[in-house]
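Encoded as structure tokens, the structure appears first; notes follow it.
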Amino acid sequence: MVARADGDRTRLRRLTAPMPPSSLWLRLIRCKPVADYYTRPEGEGTSERPLARSFGLFQLTMLGVGATIGTGIFVALTTAVPEAGPAVTVSFVLAGITAALTALCYAELASTVPAAGSSYSYAYATLGELAAFLIGACLLLEYGVSASAIAVGWGQYLNELFGLTIGWRMPDALARPPGAGGIVNLPAVLLVGLCLIVLLRGARESATANAVLVVAKLAVLALFVGIALAHFSAANFHPFAPKGLAGIGSAASSIFFSYIGIDAVSTAGEEVRDPRRNLPLAIILSLLIVTAAYILVAVAALGAQPWTAFAGQEAGLAVILRNLTGQGWPAVLLSLGAVASIFSVTLVVLYGQTRILFAMSRDGLLPAFFRQVDPVTQVPRRNSWVVALGVALLAAVVPLDVLVNLTSMGTLIAFAAVSIGVILLRRRRPDLPRGYRVPFYPVLPVLSVGACVYLIAGLPADTFLLFGLWIGAACLIYFGYSIRRSALAD
């Protein structure tokens, strides 16, 4: 007992002793060896088991599509169209090109570093510990806030569905977020709770539920495109860009959070069979499916309704169908599809955030609480509860536009870091086996970084302020806790 007490005191002195500047700098830039990602720790007992490999290519692709097609087209279209007019179609193309450039970079790193934690793990292997921690903070912001933004939109379509089927709508005070006539968004809290139940059952069950919902949402969107194109009017595209280039860039920046699914695929790195093959393929396939769906729906919606009618339009796609057909059943189907779609997006985004926390905790940068894995379901149960409670609180009381812009900021920062990571890892470890290589290297990764910076510049000033506060808080946690408890510490 005495020896153990002496050891504890020694560890405490080491953890609290001031570090010389040279030692501090070395700790900030230390990188996790890539070889460590190929030898997952088993842990002692049942609380720190590795995650089970249960995803194939189809499930992984559906994970990416499920995390991407949702609020970006079902809800955010009504906020993006007023910013750019019919030229919002160009905004989707710009966001899609940026996402495509980054997706190829993700594909290379995912095939080289097949780990949970996505860009956080890639940054730890290439940019160093402090950069990785801050990227992890961006990812937590990206996932937590995007899940909240997605959950906010669920209530709109749920209310539309209630109105169409039973003639009753929830009071605005309980169905809308603050800033949109509400006090607390109760449907958003309910949605997060339902997703938590599915997540706690296990990764395989979550992936199966998501795949079913993704097929349903694609079918509903195909129905919308078919009906809307039958009522297409080219006159609705004049004037094409009433807000000019500034409006196109602003809309592209706002809707970029719609492409979060690219990152979500790579968070499953340790739960994928044959990750070197399946991770890059799933990233590219999901991006192709998503971009095609976004552009088709945007063109069809704008052709069916003047762009000036989108502002303030809740459950916009369902309302368009009802107005076009004069019947309730198409709007009912679309509202059902939107309810299922937004459920699947929330499910995948919550999943991704729990895996990022798991990876950061396993590296010692966050408390061990976040890496404890259930011995039966092999999911981080406590971690999932914390994530769900935080997301539910944000979704209940924070306005949607604030959530959307914060999510775009976190996503763009993480995407830029991945593109930089490709360049650094090519230079430092050209010998590493890569299941996929970015074409036109280094031009393509540089273009990816430039596109991300362009979209970041289009975000409003208050987003930069809130993001700065978030990064400041992350630095306090890193220097106050993580730097001395890192698994790479001497």
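The values are calculated or read from the model by the stated rules, or taken from the named source; none is laboratory data. Owing to the predicted nature of the structure, the values given are computational and were not obtained by experimental measurement. Glycine also receives a Cβ, built like all others from the backbone with ideal geometry; neighbour counts cover every protein chain displayed.
Mind counting the residues in region 129-147 that are of a type in the set (A, V, I, L, M) and over 21 Å from Arg485 (Cβ atoms)?
3
Tell me yes or no: at least one residue of region 127-141 is at pLDDT 80 or above and surrounded by fewer than 18 Cβ atoms within 10 Å (Cβ to Cβ).
no
Name the residue that is farthest from Leu24 (Cα to Cα), counting only residues in region 457-489 that are of a type in the set (Phe, Trp, Tyr) and within 21 Å of the chain's Cα centre (by Cα).
Phe464
Go through (1) in contact with a helix residue (DSSP H, G or I) (Cβ under 7 Å, 6 or more places away or on another chain); (2) modelled with pLDDT under 80 for Asp490 and report which single condition fails.
Exception for Asp490: condition (1).
Could you identify the single residue in Val449, Val373 that is out of contact with any helix residue (DSSP H, G or I) (no Cβ under 6 Å at 6 or more places or on another chain), among the aliphatic types (A, V, I, L, M) and buried (at least 17 other Cβ atoms within 10 Å of the Cβ)?
Val373
Can you give me the number of residues within region 423-455 that are in a helix (DSSP H, G or I) and touching a Cys at 6+ places or on another chain (Cβ under 8 Å)?
Result for region 423-455: 3.
Residue check: is Arg169 among the basic types (Lys, Arg) and free of Cβ contacts under 8 Å to residues at least 12 places away in the same chain?
Considered against the rule, which asks whether it is among the basic types (Lys, Arg) and free of Cβ contacts under 8 Å to residues at least 12 places away in the same chain, Arg169 comes out as yes.
For Ala292, state whether it is of a type outside the set (Phe, Trp, Tyr), surrounded by fewer than 19 Cβ atoms within 10 Å (Cβ to Cβ), farther than 20 Å from Tyr157 by Cα and modelled with pLDDT of 80 or more.
yes
Within the group Ile227, Ile248, which residue is over 22 Å from Val453 (Cα atoms), of a type in the set (Val, Ile, Thr), in contact with a helix residue (DSSP H, G or I) (Cβ under 9 Å, 6 or more places away or on another chain) and modelled with pLDDT of 75 or more?
Ile227
Tell me which of these Thr208 doesn't satisfy, since it passes every other one: (1) in contact (Cβ under 8 Å) with a residue 24 or more places away in the chain; (2) under 25 Å from Leu77 (Cβ atoms).
(2)
Which is outside any helix (DSSP H, G or I), at pLDDT below 80, within 16 Å of Val88 (Cβ to Cβ) and not hydroxyl-bearing (Ser, Thr, Tyr), of Ala241, Ala311?
Ala311
Identify all residues within region 167-193 that are surrounded by fewer than 16 Cβ atoms within 10 Å (Cβ to Cβ), more than 14 Å from Ala395 (Cα to Cα), touching a helix residue (DSSP H, G or I) at 6+ places or on another chain (Cβ under 8 Å) and at pLDDT 70 or above; write none if there are none.
Trp168, Arg169
Out of Ala235, Ala216, report the one residue that is under 22 Å from Leu317 (Cα atoms), without any contact (Cβ under 8 Å) to a residue 60 or more places away in the chain and either part of a helix (DSSP H, G or I) or within 18 Å of the chain's Cα centre (by Cα) (or both).
Just one listed residue meets the conditions, Ala235.
Residue-wise test of (1) crowded, with 24+ Cβ neighbours inside 10 Å; (2) aliphatic (A, V, I, L, M).
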site	(1), (2)
Leu196	no, yes
Phe237	no, no
Phe240	no, no
Leu279	yes, yes
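Filtering region 369-392 down to residues that are part of a helix (DSSP H, G or I) and without any contact (Cβ under 8 Å) to a residue 40 or more places away in the chain, which residue is farthest from Cys195 (Cα to Cα)?
If we take residues in region 369-392 being part of a helix (DSSP H, G or I) and without any contact (Cβ under 8 Å) to a residue 40 or more places away in the chain, then Phe369 is farthest from Cys195 (Cα to Cα).
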